[in-house]
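Below is one structure, written out as structure tokens, with a few remarks after it.
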Amino acid sequence: MKKTTLLLLIQIIVYSLASGQPYGPLIFTDTITFETSHGPGLRIDTSQIGGIWHVGTPAKTYFNSAYTAPNAIFTDTGFYTVNNYSYFDIIIKDTFQYYWPLYGEGILGFRHKYDTDTMRDGGFIEISYDGGNTWENIINDTHIIAMNTTNFYSNSDTITGNLPAFSGRSDGWQYAQIYWFWIAAVKDVFQDSLIIRFNFKSDSINNNKEGWLIDQIFFNGYEVTGHINNTENNKEIKVFPIPAKDILNIEFANPENAEYTLNLYDVTGKSLLLINNIRTDRITLNTSDLDNGIYIFKLSGDEKNEFGKIIINKIK
């Protein structure tokens with residue numbers, strides 16, 4: 001019972017770290033408004049006959065303007081066609097000084113309207129971490145610790161083929177967002193870029209619908225960090241270096257040399273380390289025996305508990 005409670009607690013901690021505001025500094029940002037050419041970051045599929053994604057000024061009945069005029073990206077200039085499968089990609093490139101081990105959190109957001117045959121036609125988003133060799137629906141991303149979505153579809157919102165997707169008719173412009181907390185140190189997952197694919201799929205029945213209209217797509221990437229602000233106790237805990245390789249320091253306010261205890265857990269709730277009788281304001285850990293990944297620590301003392309995350313990455 002105690003182990004189950006501890007595992008649940010750590011899962012709640014991990015989720016709460018992921019679902020709040022990003023903890024790391026912003027190191028990458030990109031926004032597509034479709035007003036000017038966006039270069040290699042935007043890639044529209046032109047390999048299939050009948051590709052229906054267009055960049056331009058919407059002039060339909062429901063799709064009567066862009067979110068930020070004049071341009072947006074949308075499916076066809078009239079009603080979308082039957083038996084269609086078309087997509088465009090957003091390619092998140094590394095900057096010259098940052099690389100994937102430093103990305104710990106990310107946010108994808110966009111404005112959109114949609115008008116499709118409910119539960120049959122619609123739009124869905126996929127993600128690839130290996131240059132486009134394999135894809136998965138973004139809401140079922142298996143390379144993360146946790147995820148938080150805003151105004152997004154779920155696994156119960158499906159279209160033909162049992163695909164989770166946006167479908168039906170939106171109530172005007174909607175803002176959709178997805179927030180990731182990645183297992184940032186497991187670098188065999190990440191390659192040189194992250195690809196986000198916007199797909200539109202229709203079945204064989206024509207219902208004279210307008211499709212999918214999207215504008216103001218942005219992606220923010222945040223650096224892995226070990227800094228946590230504790231608002232309850234007005235105390236700062238600093239963890240450095242992040243990512244750690246062999247040595248890691250945990251620094252906290254302890255002006256009266258009070259006694260603390262440190263527990264270290266993996267993300268399954270397994271206890272890895274216990275240190276008692278800590279009366280300093282810094283703890284130095286030898287992390288050379290730990291595998292790459294994310295760990296949770298609990299610093300307890302004076303009837304108060306502090307939690308934080310540790311990132312281990314030994315890959316150069």
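The values are calculated or read from the model by the stated rules, or taken from the named source; none is laboratory data. This one's a predicted model, so the numbers in the text were calculated from it and none came from an experiment. Note that we place each Cβ from the backbone using ideal geometry, even for glycine, and neighbour counts take in every protein chain shown.
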Exercise. Limited to the stretch 145-156, what total is found for residues that are part of a strand (DSSP E or B) and either modelled with pLDDT of 95 or more or over 30 Å from residue 292 (Cα atoms) (or both)?
Worked result: 1
Exercise. Which of (1) surrounded by fewer than 21 Cβ atoms within 10 Å (Cβ to Cβ); (2) at pLDDT 95 or above does residue 159 not meet, given it meets every other one?
Worked result: (1)
Exercise. Restricted to the stretch 254-272, and to residues that are modelled with pLDDT of 90 or more and assigned to a strand (DSSP E or B), which residue is surrounded by the most Cβ atoms within 10 Å (Cβ to Cβ)?
Worked result: 260
For this session: Output the residue which, of all residues in the stretch 131-144 that are in a loop (DSSP other than H, G, I, E, B) and surrounded by 13 or more Cβ atoms within 10 Å (Cβ to Cβ), is modelled with the lowest pLDDT.
Result: 143
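Only strands (runs of 3 or more DSSP E) wholly contained in the stretch 275-316 count here; list those with 2 or more residues that are closer than 17 Å to residue 263 by Cβ and either modelled with pLDDT under 80 or among the small types (Gly, Ala, Ser) (or both).
The strands (runs of 3 or more DSSP E) meeting that bar are 293-301, 304-312.
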For this session: Output the number of the condition that residue 101 fails; it satisfies all remaining conditions of (1) modelled with pLDDT of 95 or more; (2) not in a strand (DSSP E or B).
Result: (1)
For this session: Would you be able to say whether some residue in the stretch 229-240 is touching a Ser or Thr at 6+ places or on another chain (Cβ under 7 Å) and at pLDDT 85 or above?
Result: no
